[in-house]
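In what follows, a single structure is set out as structure tokens and then discussed.
The values are calculated or read from the model by the stated rules, or taken from the named source; none is laboratory data. If you're wondering where the values come from, they're calculated on a predicted model, not measured in any experiment. Counting neighbours? That spans all protein chains shown, and the Cβs are built from the backbone with ideal geometry, glycine included.
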Amino acid sequence: MAGVFDIEIEGRDYRMEGVTHEEMEDDQLYSSVNDGTITAPPPSSSYTQDPMVEAIDLSEATVNPPNVKVGPSDFELLRVLGKGGYGKVFQVRKTTGTDAGKIFAMKVLQKATIVRNQKDTAHTRAERNILEAVKSPFICDLLYAFQTGGKLYLILEYLSGGELFTHLEREGMFMEDTAAFYLSEIVVSLEHLHRQGIIYRDLKPENILLDGRGHVKLTDFGLCKEAIEGDQKTHTFCGTIEYMAPEILMRCGHGKAVDWWSLGALMFDMLTGGPPFIADNRKRTIDKILKGRLTLPAYLSPEARDLIKRLLKRHVDTRLGAGPDDAEEIKAHPYFRHLRWDCVYTRQIDPPFKPEIKGEDDVSLFDTRFTKMTPVDSPCDTNFSIQGENPFVGFTYVAPSVLEMMNQPDPRSYTRRSPRRIYNPSDEVMMDASGSEHHRGMLMP
């Protein structure tokens, strides 16, 4: 994704030259529509009964408790996981409190860079709010958020299994049963977001991480659209070109069904080795998405072919999942006939790939160009002015699960793809909101 929370890791992408992966505000063919500034997380009333949500009793001990403060000095930097124009992502160890010794991922963002663009600021608040409001086994968990004079910090669970992109790149393509496992967990993660009125809008292999057991965790929520109910539509031109639905490209208004188009493009990618519509530049790729013929390899099963075709319907009303039943239509498709969805929800199905993790701080599935760097949280210039209302008010956050841990008697009872590289990564650049070009890549949050 672009915007604030896409920290670009250079040189690992296989996509075509000239195709950018961000909200294309500077595109001369299309103009962006400002959806407004998000000032609050999604309402909780729509998901309090969701079986995937863990219930935590509310009390003075778990809601805004006194004297609970966390800052950069409470974390030891271990490794660099990624870096880019907005900041860095570190692997860190907590050194204080009841969770001392636990490993996290720490995303550090420069305020001065973010406030230059209103949409970047809105994306920052959107991701922060969604990470707080959305709790699911299939969503990357936010544990802490805090700020200093010049930086924002997000402390997230460390997902040692790495990006799905890395495994897909290594394998070239997946067998159908392997793809069905990952797709099923992605379906329930998108279903969870849709039930809360959130459109994801940036589904791609780089935004899907695996935990230490090999289960899916969806990350990177800066392009999400909140407060979408029923058939309500939004108009922002955003996403990653190869996975963008036609209605986004045509700017005729889009709803939750864009996520199911992206699922179809991702399924095609998993089973064939690349997205369904690609060309040598962005304009031709857009033309193919809007008018190109979908060609399916003969080796795909009839069920896989049918599901891809029904997800990649250009007319939204005929697309699988576009109806009021949303994900239920997809879950009922014969491609998933061998799955028990109750076992998918409870993560009882054994993942096809189980990461060989040597320890809690294992970084072997991340790019060594970054993990070999010396981890330094560089000082920044805090002498910048914010015009008008401070957009970072209320950024601080401590997860209820962490606060609940503080009240436990013994809180320390824990245990310390090559064939897909069809384009030259050095030629891949992206344009950020300020107009600066830089190499595009992937992010582990």
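Things worth noting here:
- Matching strands (runs of 3 or more DSSP E) fully within region 146-263 where at least 2 residues are in the same structural domain as THR124 (by TED's automatic domain parsing) and buried (at least 22 other Cβ atoms within 10 Å of the Cβ): 151-157
- Listed by first and then second residue, the pairs linking a residue in region 319-341 that is hydroxyl-bearing (Ser, Thr, Tyr) to a residue that is not in a loop (DSSP other than H, G, I, E, B), with Cβ atoms under 6 Å apart and 6 or more places separating them unless they lie on different chains, are TYR335/GLU303; TYR335/ALA304; TYR335/LEU307.
- Odd one out for GLY321, checked against (1) surrounded by 22 or more Cβ atoms within 10 Å (Cβ to Cβ); (2) under 22 Å from GLU169 (Cα atoms): (2)
- Restricting region 365-399 to residues that are polar (S, T, N, Q) and surrounded by 13 or more Cβ atoms within 10 Å (Cβ to Cβ) leaves a set whose member that is modelled with the highest pLDDT is THR371.
- Among the conditions (1) closer than 21 Å to LEU203 by Cα; (2) surrounded by fewer than 22 Cβ atoms within 10 Å (Cβ to Cβ); (3) under 25 Å from the mean Cα position of the chain (by Cα), the only one that ASP306 does not satisfy is (3).
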